[in-house]
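A.B. asks: A single structure is presented below for examination.
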Amino acid sequence: QVQLVESGGGLVQAGGSLRLSCAASGLTFTRKSMGWFRQAPGKEREFVAAIGWVDKTSYLDSVEARFTISRDNAKNTVYLQMNSLKSEDTAVYYCAASSVWITRVRANYENWGQGTQVTVSS
């Protein structure tokens, strides 16, 4: 049974930082691209960042200079370091796993976590 468990969300002031973690189990982590998506109230879930199994990355344009995705294959964990947070970053952040190489397409992700809330106050 595949499980993706996110942690690290919370309330932060604009300009602050948060580090999200996603612990994966029940899958061959080193054969998966891992992604982060987010969903704000009343909006579609959108791609934020992805990392391949050999550390190539892809980002949403609006976060590329501020967010960093990384992975620790020994711990089956993917991270999202978020700096210079803005109010528009407020959303539920989801971790996801895909067998497709660094995809931005939500439908290509087979497994999803439950999400962690990030709230940025201005």
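A.B. asks: Evaluate the following for residue 88: is it over 16 Å from residue 115 (Cα atoms), modelled with pLDDT of 95 or more, of a type in the set (Asp, Glu) and outside any strand (DSSP E or B)?
C.D. replies: It is true that residue 88 is over 16 Å from residue 115 (Cα atoms), modelled with pLDDT of 95 or more, of a type in the set (Asp, Glu) and outside any strand (DSSP E or B).
A.B. asks: Tell me yes or no: at least one residue of region 25-38 is charged (D, E, K, R), surrounded by 14 or more Cβ atoms within 10 Å (Cβ to Cβ) and assigned to a strand (DSSP E or B).
C.D. replies: Yes; the residues of region 25-38 include at least one that is charged (D, E, K, R), surrounded by 14 or more Cβ atoms within 10 Å (Cβ to Cβ) and assigned to a strand (DSSP E or B).
A.B. asks: Take the residues in region 103-122 that are part of a strand (DSSP E or B) and closer than 13 Å to residue 45 by Cβ, then tell me which one is most open to solvent (accessible area, probe 1.4 Å).
C.D. replies: Among them, the one singled out is 112.
A.B. asks: Condition check: of a type in the set (Asp, Glu) and farther than 12 Å from residue 80 by Cα. Does residue 6 satisfy that?
C.D. replies: In short, no.
A.B. asks: All but one of (1) open to solvent by less than 20 Å² (accessible area, probe 1.4 Å); (2) among the β-branched types (Val, Ile, Thr); (3) assigned to a strand (DSSP E or B) hold for residue 68; state the number of the condition that does not hold.
C.D. replies: Going through (1) open to solvent by less than 20 Å² (accessible area, probe 1.4 Å); (2) among the β-branched types (Val, Ile, Thr); (3) assigned to a strand (DSSP E or B) one by one, residue 68 breaks only (1).
A.B. asks: While we're here: Could you pull out the residue among 78, 100, 92, 63 that is out of contact with any Leu (no Cβ under 8 Å at 6 or more places or on another chain), among the β-branched types (Val, Ile, Thr) and open to solvent by 50 Å² or more (accessible area, probe 1.4 Å)?
C.D. replies: Just one listed residue meets the conditions, 100.
A.B. asks: With the checklist (1) within 11 Å of the chain's Cα centre (by Cα); (2) β-branched (Val, Ile, Thr); (3) surrounded by fewer than 21 Cβ atoms within 10 Å (Cβ to Cβ) in hand, flag the one item residue 54 doesn't pass.
C.D. replies: Among (1) within 11 Å of the chain's Cα centre (by Cα); (2) β-branched (Val, Ile, Thr); (3) surrounded by fewer than 21 Cβ atoms within 10 Å (Cβ to Cβ), the lone unmet condition for residue 54 is (1).
A.B. asks: Pull out all pairs, ordered by first then second residue, where Cβ-Cβ is under 6 Å, the residues are six or more apart or on different chains, the first lies in region 36-56 and is of a type outside the set (A, V, I, L, M, F, W, C), and the second is at pLDDT below 95.
C.D. replies: 52/101; 52/102; 56/102
A.B. asks: Exactly one of (1) within 19 Å of residue 107 (Cβ to Cβ); (2) open to solvent by 30 Å² or more (accessible area, probe 1.4 Å) is unmet by residue 73. Its number?
C.D. replies: (1)
The values are calculated or read from the model by the stated rules, or taken from the named source; none is laboratory data. Note that the structure is predicted; figures quoted are calculated from it, not measured. Backbone-built Cβ (ideal geometry, glycine too); neighbour counts: all protein chains shown. These area figures cover heavy atoms from the full protein model, side chains too; ligands, DNA and RNA do not enter into them. Shrake-Rupley method; radii C 1.70, N 1.55, O 1.52, S 1.80 Å.
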